[in-house]
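Inspection log for the structure reproduced underneath, given as structure tokens.
The values are calculated or read from the model by the stated rules, or taken from the named source; none is laboratory data. Predicted model only: the values in this text are computed from it and were never measured. Heads up, the Cβs are rebuilt from the backbone with ideal geometry, glycines too, and the neighbour counts pull from every protein chain shown. Areas reflect the complete protein model, heavy atoms only, side chains present, ligands, DNA and RNA absent. Shrake-Rupley method; radii C 1.70, N 1.55, O 1.52, S 1.80 Å.
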Amino acid sequence: MRYIAPAGIGLFGIVATASPALAQTTALPPPTKCPAAVAEVATCYSAKHASGAYILAAMPKTWNGNLVVFAHGGPAVVPPTATTSENDLAKYSIAVKLGYAWVASSYRREGYGVRMAAEDSEHARQYFVEHFPKPKRTLFHGASYGGLVGSKLVEAYAKNTDGSLNYDGAFFNSGFVIGAAQGHDFRLDLRTVYQYYCQNLPRLNEPQYPLWTGLPADSKLTLPGLQALVDECTGIGKPIDARTPQQKQNLANILGVMHFSERLLARHLQAGTFLFREIADRTTGGRNAFSNMGVEYRGSSDDEALNKGVVRYAADSAAVAALKADGEATGALPIPVLSIHSINDPQVAVEVQSAYRDYVKAAGNEDRLVQAYTDEPDHTAQSASELAASFDALLAWVEKGVKPTPQSIAARCNELRTTFDGPCRYHPEFMPKPYNTRYARGAAQVPVR
């Protein structure tokens, strides 16, 4: 999930190129301030769509004629503003520096909704086309949750019924491409294991609720409040020597079972709390889409007691179907897709790529998917050289029909290091293990779902 600070409201006009050499199709609003990363090479514009989503566009002063439509990570936990996409434009300024026009949607509201976010991203593309000269090629770029958004967008919007294309190719970095139904099961494991040891979410003297609901609809719990509860139980906000023996034992048991690092505990609990409430409220109609029935948890100081005492939930088949319909790829790929991921990604496990490959292969579209792997230790932390090599590889695939390989992407990255900052950490030989080898279920006996 994504932290976004509230900001001021921008222009309510729609974007268009500021270059006098390019014909305009509608009147331009005044430009808005660009992030510093692109201020010298582009002109930026802000707009608000009728849906409530904010659009941010950047037109390079030297445009290569192509467009990147960007989808951000999340889901956000605060309402969008006109400045929501500025950090994304700064972080992925490499696209603009390569000469691409760039446009993104804030999404119309905070919270979960994959198909909603895909529609909002498509609205951003439509507005660009209506107010700028038509791009030669349009590439989609999704990061983190935006990769999941992209996996649904390419299925719904890439190709028109007459065979014409709205998007020519798609690029995901660190994408949550496994989808919500499989990808969030481990967070139900976390909620149940955490509650077994901590018993403060909810407390025993508070009204009880099914943990798969995340929180009651009327709960006033905040992110700082959640952090305080986690710290109370595990001491995670304190130096190790300031934690009580019980806090140390609670933390060791939770992490021993869940198999992720200490720094991600609050992050994953945030999703298993606030995001789960969103999913239950807005996607599954108050029904449970997650199951931990039959999961044998291992790695604690007393596995027998844990498995006997942990609360169990069975998934509702209609809820699972609704969650998959909104946020799980079918494997339909009408256009080429390049997906890169860090082997060491601490937030979205690299094994999600195995699940995505399986979806695509089952749909008979494996020839339209290329996956490549880097090794930075953070989420969505690929270098400018690594990103530039991916854009180059995808565009060559689209324009020349030359399907890239992990080896050719790595080689192109090394060529670009003389132009762009950052290392090339591609590992062409790497292949991720199946997703069910990760987290608590990687060490558990899990029934086939």
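Details
- All-pairs alpha carbon distance profile, region 97-195, 5 Å steps from 0, percent: 3, 12, 20, 22, 17, 11, 6, 4, 3, 2, 1, 0
- Near H141, the amide H atoms lying under 5 Å from its own belong to V69, F70, A71, F171; only residues 5 or more places off or on other chains count, and H is placed 1.01 Å from N.
- The separation of region 56-128 from region 141-179, counted between C-alpha centres, amounts to 13 Å.
- Cα centroid separation - region 268-331 against region 381-418, whole Å: 38 Å
- Under the criterion of Cα pairs below 8 Å and six or more residues apart, the relative contact order for the chain equals 14 percent.
- Using every pair of distinct Cα positions in region 154-270, the Kirkwood expression returns a hydrodynamic radius of 16.9 angstrom.
- Relative contact order [Cα under 8 Å, 6+ residues apart], region 372-431, whole percent: 50 percent
- Three semi-axes of the equivalent ellipsoid, region 354-424, Cα gyration tensor, whole Å, largest first: 23, 16, 8
- Translational D in µm²/s for the chain (Stokes-Einstein at 37 °C, 0.692 mPa s, Kirkwood Rh from C-alpha pairs): 144 µm²/s
- Think of it as helices only: each DSSP H run of n ≥ 4 in the chain is worth -39500 (n - 2.57), and spread over all residues that comes to -10500 deg cm²/dmol at 222 nm.
- Amide H contacts of N365: none lie under 5 Å away among residues 5 or more positions distant or on a separate chain (H built 1.01 Å from N in the peptide plane; Pro and chain starts excluded).
- Bridge type composition, the chain - antiparallel percent by DSSP, nearest 5: 35 percent
- In order along region 338-346, phi translates into HN-Hα couplings of 10, 10, 10, 7, 7, 4, 9, 4, x Hz, rounded to whole numbers, per the Karplus curve 6.51 cos²θ - 1.76 cosθ + 1.60 with θ = phi - 60° and x for Gly and Pro.
- The long axis of helix 114-131 is offset from the longest Cα principal axis of the chain by roughly 10 degrees.
- Ordering of 337-343, 224-230, 301-307 by burial proxy (mean other Cβ atoms within 10 Å per residue, highest first): 337-343, 224-230, 301-307
- Probing with 1.4 Å while keeping every protein chain in the model, the per residue accessible area of region 217-352 equals 40 Å².
- Protein accessible area in region 285-409, 1.4 Å probe - carbon and sulfur %: 50 percent
- Value in Å of the Kirkwood radius, where region 214-372 supplies the Cα pairs that are averaged: 18.6 Å
- log10 of Debye I(q)/I(0), alpha-carbon scatterers only, for region 332-377 at 0.17, 0.24, 0.26, 0.33 Å⁻¹: -0.49, -0.82, -0.90, -1.17
- Overall dimensions of region 280-362 by Cα: Rg and Dmax, Å: 17.0, 50
- Packing-based ranking of 53-63, 408-418, 212-222 yields 53-63, 408-418, 212-222, ordered from highest to lowest mean Cβ neighbour count within 10 Å.
- Expressed as a whole percent, the accessible surface of region 33-79 that belongs to carbon and sulfur atoms is 56, based on a 1.4 Å probe.
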